[in-house]
1. Which pairs turn up if I take residues in the stretch 14-36 that are at negative phi and look for partners that are surrounded by fewer than 10 Cβ atoms within 10 Å (Cβ to Cβ) and aliphatic (A, V, I, L, M) with beta carbon separation below 8 Å, at least 6 apart in sequence or on another chain?
2. Pick from the stretch 81-95 the residues that are in a loop (DSSP other than H, G, I, E, B), acidic (Asp, Glu) and under 28 Å from the mean Cα position of the chain (by Cα): which of them is nearest to Arg115 (Cα to Cα)?
3. Quick one: which of Ser49, Ser59 is touching a Pro at 6+ places or on another chain (Cβ under 9 Å), open to solvent by less than 60 Å² (accessible area, probe 1.4 Å) and in a strand (DSSP E or B)?
4. Which pairs have Cβ atoms under 8 Å, sit 6 or more apart or on different chains, and link a residue in the stretch 107-122 that is touching a residue at least 24 places away in the same chain (Cβ under 8 Å) to one that is of a type in the set (Ser, Thr, Tyr) and in a strand (DSSP E or B)?
5. Go through the stretch 182-207 and give me each residue that's aromatic (Phe, Trp, Tyr) and in a loop (DSSP other than H, G, I, E, B).
6. Would you confirm whether any residue within the stretch 156-175 is within 30 Å of Arg51 (Cα to Cα), touching a residue at least 60 places away in the same chain (Cβ under 8 Å), not in a strand (DSSP E or B) and not hydrophobic (A, V, I, L, M, F, W, C)?
7. When the stretch 65-101 is examined, which residues are found to be under 23 Å from Ile163 (Cβ atoms) and basic (Lys, Arg)?
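The values are calculated or read from the model by the stated rules, or taken from the named source; none is laboratory data. Being a predicted model, the structure only gives us computed values, none of them experimental. Ideal geometry is used to build each Cβ from the backbone, glycine not excepted, and the neighbour counts take in all protein chains shown. Ligands, DNA and RNA are excluded from the accessible area calculation, which covers all protein heavy atoms including side chains. Shrake-Rupley method; radii C 1.70, N 1.55, O 1.52, S 1.80 Å.
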Amino acid sequence: MQGQYWKKIIPNALNSDTSVIYNWEEHNSYHSAYGKLVFLKSGRFIFNSQRPFGSHEYSEGDYTIKKDTLILNTDFREGNLEIKVEYSENELNETPPRRLSFARNLNGKLLRKARYLMNYDTAIDKSYYADFPMSFYANDFLYNITALKLEVYPGISSQWIPILKNRNYLIVTVLSHIDFNEFKPRILTNYKLLKSEDTLIDFEGGL
C-alpha cells in the first residue's frame with residue numbers, strides 16, 4: 001500500500017515554475033522507499049520513485065485538473081511513440097548485414113532493447129530483433145512486410161506504420177533524443193489522483 005497517500009510539500013520559492021510538490025517515504029531497519037511528484041505551472045509533471053533492490057522509475061508528462069481530481073498522462077505510452085521509416089536501395093552500413101536496421105534515436109544511439117512487430121500481429125513469437133538478422137525473418141519474411149510497429153519498452157510503442165517498399169532496406173529512427181536503453185518509466189494513461197486538503201489520495205495504488 002506504499003504511496004497511496006502523498007503529502008504536500010511547499011516548493012522552493014526560487015523555483016518559480018514549480019506549482020506544488022507531493023511525496024511519500026517509507027523506512028525500516030533494512031530498506032527505504034520514496035515517491036515524488038512535482039507539478040509545474042506549465043501543466044507538466046515529473047515523477048520519481050525508488051524502491052528496494054534498485055527499482056527506480058522516472059517519468060514526465062502532462063496533467064489536467066478536473067474539480068478535485070488530478071489526471072496524469074506520461075509523454076510515452078502505447079501507440080504514441082513517433083518513428084520515421086526510410087527506404088534505401090543500398091545495403092545498410094551495419095555488421096553483420098541486415099535489411100531492417102536497428103532502431104536509433106535522434107542522437108544516433110542504437111536502441112538494443114527495441115523489438116519490431118510485423119504485419120499487425122502482436123504475438124511475441126512473431127517479434128523481430130535486429131540482433132538476429134540471419135533468422136528466417138530476414139529472408140523471405142522481410143520481403144513480405146506490409147506494416148511494422150516498434151516497441152522500445154513494454155507499454156511504449158509506435159503505431160503501425162505501413163511499409164510501401166518492402167524490397168528495399170529499411171531504416172528506422174525514433175523521433176526522440178531519449179536513450180531508451182536506460183529509460184525505465186512508469187507509464188500513466190489517464191491516471192487519477194484525488195486532491196484532499198494537503199494530500200493526494202492514490203486510489204489506483206500504482207504509484
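1. Short answer, once both residue conditions are applied: Ile21/Ile10.
2. Filtering first and then ranking leaves Glu82.
3. Result of the check over Ser49, Ser59: Ser59.
4. Correct list of pairs: Lys113/Tyr153; Arg115/Tyr128; Tyr116/Tyr128; Leu117/Tyr128; Leu117/Ser157; Met118/Tyr128.
5. Phe183, Phe203
6. Among the residues of the stretch 156-175, not one is within 30 Å of Arg51 (Cα to Cα), touching a residue at least 60 places away in the same chain (Cβ under 8 Å), not in a strand (DSSP E or B) and not hydrophobic (A, V, I, L, M, F, W, C), which makes the answer no.
7. Those that are under 23 Å from Ile163 (Cβ atoms) and basic (Lys, Arg): Lys84, Arg98, Arg99.
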